[in-house]
Structures are given as C-alpha cells and as structure tokens.
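Heads up: the structure comes next, in structure tokens.
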Amino acid sequence: MPVTGEAIRLSRLFSEGKNAVVVAVDHGLYFGPLPGMIDLPSVIHKVAGADAVLMAPGMPAHCQQIFSKRGAPACIVRLNWGSNYAAMWRYKHSHSVPMVSVADAVAQGADLVIGSLSLKNPDEAEDALNVKVFSDCVAQKRALGIPIIGEVYPTGGDDHLPEELQDEIFIGCRIIAELGADLVKTFYTGKRFNEIVAATPVPVLALGAKKLAKESDALKLAAVAVEAGARGIVFGRNVIQSKAPDRLLDALKEVVKEFKAPDQVAVHYKLD
C-alpha cells in the first residue's frame, strides 16, 4: 500500500478513479529533436489537457507554463538513461545510468518519476546493474513519498512486433513491480496482454511506441489496451506528431476514460 504522499499523487493521476492519459515528450533525450518537438516550449501547450506529461529532467525549466496553472497536468520526470532507447544506433546492449536523483527531479517540479529497466541483455552483469539502478531510485522515492513508474522496455523493443515481446514483458513487469514500482509502463503485446496485467500487482500503462500510420490507429491501440486491463496510456509521437495534437488528445481521453468506441470517436473528431 502506498504511503500518504504516494497515494495522494496517484489519486490525482487517476482522478475520479478514471484511467490516465499521459503524453510523453522526453524523446529529445534519446533521439535529439524530432518533428513536432523541435521547439518543445512552443508546442507543449497543445497537450496541456493530459493527466500528466513525461519529460526529460532538463526540460521542465523550459516548459514551466504548462505546469503553472490550476488543473495543470502532473509532471513526470525521467531518472535514468539507458542506451537501448537510442534506437537509431541499434545498440545490442542496454547500459543504464542515473541522470538525476528523485530529490533533484522533485526540485525540477516532478509529481511522479519514472525509471526504466531493460533485462535479458547479452551480459548478465549488465542486467544486475540495471536492477540496481532502478532499486536505488525506489529507495529514494520512498523517502520522499513520490510514486515511481517502472518502464519495462526490452532492448531493441522498437524493432520488434509487440507480440514478440510478450514473454520478456510478462516477466519484466512482475520483476519491476516486486522491486517497488507503483505503476508499470510497457508495450501493449496483443491478445495476451491481459496475462501481463493479471500478473502485475500494480496498474499497467500501455505505451504508444513508434508513430502509427493513422490517428485512428492510435485510438484503436488505446482501446484494446484498456479493454485488456491497462489503467491508461502513455503516448508520445502518436500525439505530438499528429496533425492536431490537442484534438487527438481529447479523442484519446474519450476512448481511455469513457470507453467510447474508437471508430465513432475518430469520426466525431474528424481524425483519419
């Protein structure tokens, strides 16, 4: 059971007991500037309607305007850097290192923090060090009453069909929950995703991964994930790189929070 600070912050994320819609804009940390995120401070207001925004530790200082209003989204700050996220360089290993402490993230404005864990690397000592990095984050967040999202992201995950990651994610989500994650963020793996949710004793959020061909595809992905038991989504490129991020975000909220049919929502919001 989360302590008071963690419980309060989690309740805000899942306001009124509804599922959460989170927008990730931390891609510059791994890919550099991407289309839609070239000048992040100028576009961040388009996702102000999200329940939370996930950022790299250096960016809240440049995007304060989105968090400085009553009813603003929660700020999630990433704690560690893993080489597997730099997908364009196709690393075969995932070496994880801490970037900031939980206290530093809170000083930057974090309401929640996120730490990643990549396992089944070529070197088992590498896995052990990655576990230590995440475990250190858990110890720090407990001292401050800040919830931590554990991200299970297999090395090379962007290059595989999500269904191919089922076994690794099934195991990884349980491991990261047992290490102390309050939430888990990971790939939606298809028809067996409900098995992952059932075996993970904390809420699971489905990530969006690569930009999908159509905005309606993003709505469908969100729908099947919550139908399988996900407590929300964390979409980045699929929102920020869409034609109208604010409109797609509103549509996602109807699908994820109100369980409306994605096809009908796409028609209502005039999404392709």
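The values are calculated or read from the model by the stated rules, or taken from the named source; none is laboratory data. What you see is a predicted model, and the numbers here were worked out from it, not measured in a lab. Please note: Cβ atoms are built from the backbone with ideal geometry, for glycine as well, and neighbour counts cover all protein chains shown.
Taking the stretch 227-241 only, how many residues are buried (at least 20 other Cβ atoms within 10 Å of the Cβ) and either free of Cβ contacts under 8 Å to residues at least 60 places away in the same chain or not in a loop (DSSP other than H, G, I, E, B) (or both)? Can you show your working first?
Start the filter on the stretch 227-241 by keeping residues that are buried (at least 20 other Cβ atoms within 10 Å of the Cβ), which leaves 228, 230-240.
Keeping just the survivors that are either free of Cβ contacts under 8 Å to residues at least 60 places away in the same chain or not in a loop (DSSP other than H, G, I, E, B) (or both) gives 228, 232-235, 237-240.
Number of matching residues: 9.
Which of the residues belonging to the stretch 192-211 are modelled with pLDDT of 95 or more and not in a helix (DSSP H, G or I)? Step through it out loud before you land on a result.
The first filter runs over the stretch 192-211 and keeps only residues modelled with pLDDT of 95 or more, leaving 192-207.
Within the stretch 192-211, 192, 200, 201, 202, 203, 204, 205, 206, 207 meet the criteria.
Between a first residue in the stretch 41-63 that is at positive phi and without any contact (Cβ under 8 Å) to a residue 12 or more places away in the chain and a second residue that is outside any strand (DSSP E or B) and of a type in the set (A, V, I, L, M), which pairs have beta carbons less than 6 Å apart while being 6 or more apart in sequence or on different chains?
Pairs that qualify, where the first residue is at positive phi and without any contact (Cβ under 8 Å) to a residue 12 or more places away in the chain and the partner is outside any strand (DSSP E or B) and of a type in the set (A, V, I, L, M): there are none.
Only residues that are assigned to a loop (DSSP other than H, G, I, E, B), closer than 14 Å to residue 203 by Cβ and in contact (Cβ under 8 Å) with a residue 40 or more places away in the chain: list them for the stretch 1-40, please.
First pass over the stretch 1-40, keeping only residues assigned to a loop (DSSP other than H, G, I, E, B): 1-3, 14, 18-19, 25-27, 32-39.
Filter once more, so that each one left must be closer than 14 Å to residue 203 by Cβ: 1-2, 14, 18-19.
Across the stretch 1-40, the qualifying residues are 2, 14, 18, 19.
Residue 156 versus (1) under 18 Å from the mean Cα position of the chain (by Cα); (2) farther than 22 Å from residue 102 by Cβ; (3) surrounded by 19 or more Cβ atoms within 10 Å (Cβ to Cβ): which is the lone unmet condition?
Unmet for residue 156, out of (1) under 18 Å from the mean Cα position of the chain (by Cα); (2) farther than 22 Å from residue 102 by Cβ; (3) surrounded by 19 or more Cβ atoms within 10 Å (Cβ to Cβ): (3).
Would it be correct to say that residue 102 is on the phi < 0 side of the Ramachandran plot, touching a Lys or Arg at 6+ places or on another chain (Cβ under 6 Å) and of a type in the set (A, V, I, L, M)?
Values: on the phi < 0 side of the Ramachandran plot: yes; touching a Lys or Arg at 6+ places or on another chain (Cβ under 6 Å): yes; of a type in the set (A, V, I, L, M): yes.
Yes.
Do any strands (runs of 3 or more DSSP E) lying entirely in the stretch 72-189 carry at least 1 residues that are modelled with pLDDT of 95 or more and more than 21 Å from residue 203 (Cβ to Cβ), and which ones are they? Can you show your working first?
On the way: elements: 74-78, 80-82, 96-98, 112-117, 148-152, 183-187.
Answer list for the stretch 72-189: 80-82, 96-98.
Go through the stretch 7-31 and report how many residues are under 13 Å from residue 237 (Cα atoms) and either buried (at least 19 other Cβ atoms within 10 Å of the Cβ) or of a type in the set (Gly, Ala, Ser) (or both).
Residues in the stretch 7-31 being under 13 Å from residue 237 (Cα atoms) and either buried (at least 19 other Cβ atoms within 10 Å of the Cβ) or of a type in the set (Gly, Ala, Ser) (or both): 7 in total.
Being assigned to a loop (DSSP other than H, G, I, E, B) and within 26 Å of residue 173 (Cβ to Cβ), is that true of even one residue in the stretch 57-66? Working first, answer last.
Applying the first criterion (assigned to a loop (DSSP other than H, G, I, E, B)) to the stretch 57-66 yields 57-59, 63.
The next check asks that each one be within 26 Å of residue 173 (Cβ to Cβ); those that pass are 57.
The answer is yes, given that some residue of the stretch 57-66 is assigned to a loop (DSSP other than H, G, I, E, B) and within 26 Å of residue 173 (Cβ to Cβ).
Which condition number does residue 114 fail, the rest of (1) closer than 30 Å to residue 217 by Cα; (2) in contact (Cβ under 8 Å) with a residue 40 or more places away in the chain; (3) among the aliphatic types (A, V, I, L, M); (4) surrounded by fewer than 23 Cβ atoms within 10 Å (Cβ to Cβ) being met?
Every listed condition holds for residue 114 apart from (4).
For the stretch 242-267, give me each residue that is part of a helix (DSSP H, G or I), among the aliphatic types (A, V, I, L, M) and surrounded by fewer than 16 Cβ atoms within 10 Å (Cβ to Cβ). Outline the logic, then answer.
Taking the stretch 242-267 and keeping what is part of a helix (DSSP H, G or I), we get 245-258, 262-267.
After this cut, where a residue has to be among the aliphatic types (A, V, I, L, M) as well, the list is 248-249, 251-252, 255-256, 265-267.
267 - this is the single residue of the stretch 242-267 that is part of a helix (DSSP H, G or I), among the aliphatic types (A, V, I, L, M) and surrounded by fewer than 16 Cβ atoms within 10 Å (Cβ to Cβ).
Where residues in the stretch 242-270 are β-branched (Val, Ile, Thr) and in contact (Cβ under 8 Å) with a residue 40 or more places away in the chain, which of them is nearest to residue 41 (Cα to Cα)?
Going residue by residue through the stretch 242-270, those that are β-branched (Val, Ile, Thr) are 255-256, 265, 267.
Now drop any that are not in contact (Cβ under 8 Å) with a residue 40 or more places away in the chain, which leaves 256, 265.
Numbers: 256: 26, 265: 29 Å.
Per the stated criteria, the residue is 256.
Restricting attention to the stretch 116-167, which residues are among the acidic types (Asp, Glu) and over 17 Å from residue 80 (Cβ atoms)? Spell out the reasoning first.
First, the residues of the stretch 116-167 that are among the acidic types (Asp, Glu): 123-124, 126-127, 136, 151, 158-159, 163-164, 167.
Result: 123, 124, 158, 159, 163, 164, 167.
Out of all the residues in the stretch 41-56, which are under 17 Å from the mean Cα position of the chain (by Cα) and outside any strand (DSSP E or B)? Step through it out loud before you land on a result.
Initially, the stretch 41-56 is screened for residues under 17 Å from the mean Cα position of the chain (by Cα), giving 44, 47-56.
Passing the criteria: 44, 47, 48, 49, 50, 51, 56.
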